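Presented below is the structure to which this report refers.
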Amino acid sequence: RVCFELFSSVVPRTAENFRCLATGECGGGLHYEGSRFHRVIRGFMIQGGDFTRGDGTGGESIYGARFKDESLELKHDAPYLLSMANAGPDTNGSQFFVTLRPTPHLDGKHVVFGRCTRGTEVIEAVAKVAVDRSDRPLVDVVIAASGADPRPRASPRASPPSPASPAPTTAVPEQEPVEEDDEEPVVEEEEEVPEAGGTAAERLGRPPG
């Protein structure tokens, strides 16, 4: 079992989108239950949330196909953070990813909206599954059940990471969690600090899947 704390005080719309997709309460097939993690990059992130196609080309939010970036102030400065995958600015849907380490090159481009509070060992187990050349798991990694904890909190949980916290640096080439189009994906490495015009990995998702 994996549990996430959502940063509703900072990004309420993004957090509510994830919560409703976890419970399925909006109906219309908007539900994470039964969907797969379609992209796994060991030492970087695991990505899921495409419940319409299951391959990184689909997904939908509770607000419509896509919704705008709510806030980009929170940093990808720790492992096990929950963040929205996208195909560029203001293209959030249902796809999300969980970081496996600090990923500062994603700051300002993906909305961080939660963190894992239980079950990091499950996340690490998913991160170790065998994948093909496109980073797709060779075995199905399925969200068997999902929902929200109905119990009231006994006490406030820790606050979200500080937006001012310094992001660690790394010399390892980075990749981007993107939503993909219908073309065959080609995974390429990118520079640690992407150019403003977008990297090859970002352009994969022209409507981080």
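Descriptive notes on the structure:
- Scanning segment 1-43 for residues that are of a type in the set (Phe, Trp, Tyr) and not in a helix (DSSP H, G or I), we see that the one that is nearest to the chain's Cα centre (by Cα) is PHE37.
- Every residue from segment 104-140 that is within 20 Å of VAL10 (Cα to Cα) and hydroxyl-bearing (Ser, Thr, Tyr): THR117
- Inter-residue pairs, beta-carbon under 6 Å, first under 20 Å from ILE123 (Cα atoms) and in segment 97-108, second part of a strand (DSSP E or B), 6+ apart: PHE97/MET45; PHE97/GLN47; PHE97/SER83; VAL98/ILE46; VAL98/LEU82; THR99/MET45; THR99/LEU81; LEU100/MET45
- The residue of segment 44-65 that is surrounded by the fewest Cβ atoms within 10 Å (Cβ to Cβ), among those that are among the aliphatic types (A, V, I, L, M) and not in a loop (DSSP other than H, G, I, E, B), is ILE46.
- Some residue of segment 61-76 being out of contact with any Pro (no Cβ under 8 Å at 6 or more places or on another chain), of a type outside the set (Phe, Trp, Tyr) and closer than 27 Å to VAL122 by Cβ: yes
- Meets criteria (more than 11 Å from the chain's Cα centre (by Cα), farther than 24 Å from ASP149 by Cβ and surrounded by fewer than 16 Cβ atoms within 10 Å (Cβ to Cβ)) for PRO102: no
- Count of residues meeting criterion [out of contact with any Cys (no Cβ under 8 Å at 6 or more places or on another chain) and either under 17 Å from HIS76 (Cα atoms) or surrounded by 18 or more Cβ atoms within 10 Å (Cβ to Cβ) (or both)] in segment 105-125: 12
- Positions within segment 66-87 being assigned to a loop (DSSP other than H, G, I, E, B), of a type outside the set (A, V, I, L, M, F, W, C) and surrounded by 17 or more Cβ atoms within 10 Å (Cβ to Cβ), in sequence order: ARG66, ASP69, GLU70, LYS75, HIS76, ASP77, PRO79, TYR80
- SER83 vs. criteria small (Gly, Ala, Ser), within 16 Å of THR99 (Cβ to Cβ), modelled with pLDDT of 95 or more and under 15 Å from the mean Cα position of the chain (by Cα): yes
- Checking each residue in segment 91-136 for being among the small types (Gly, Ala, Ser) and closer than 23 Å to ARG66 by Cβ picks out GLY93, SER94, GLY108, GLY114.
The values are calculated or read from the model by the stated rules, or taken from the named source; none is laboratory data. In this text, all values refer to a predicted model and were calculated from it rather than measured experimentally. Note that each Cβ is placed from the backbone with ideal geometry, even for glycine, and that neighbours are counted across all protein chains shown.
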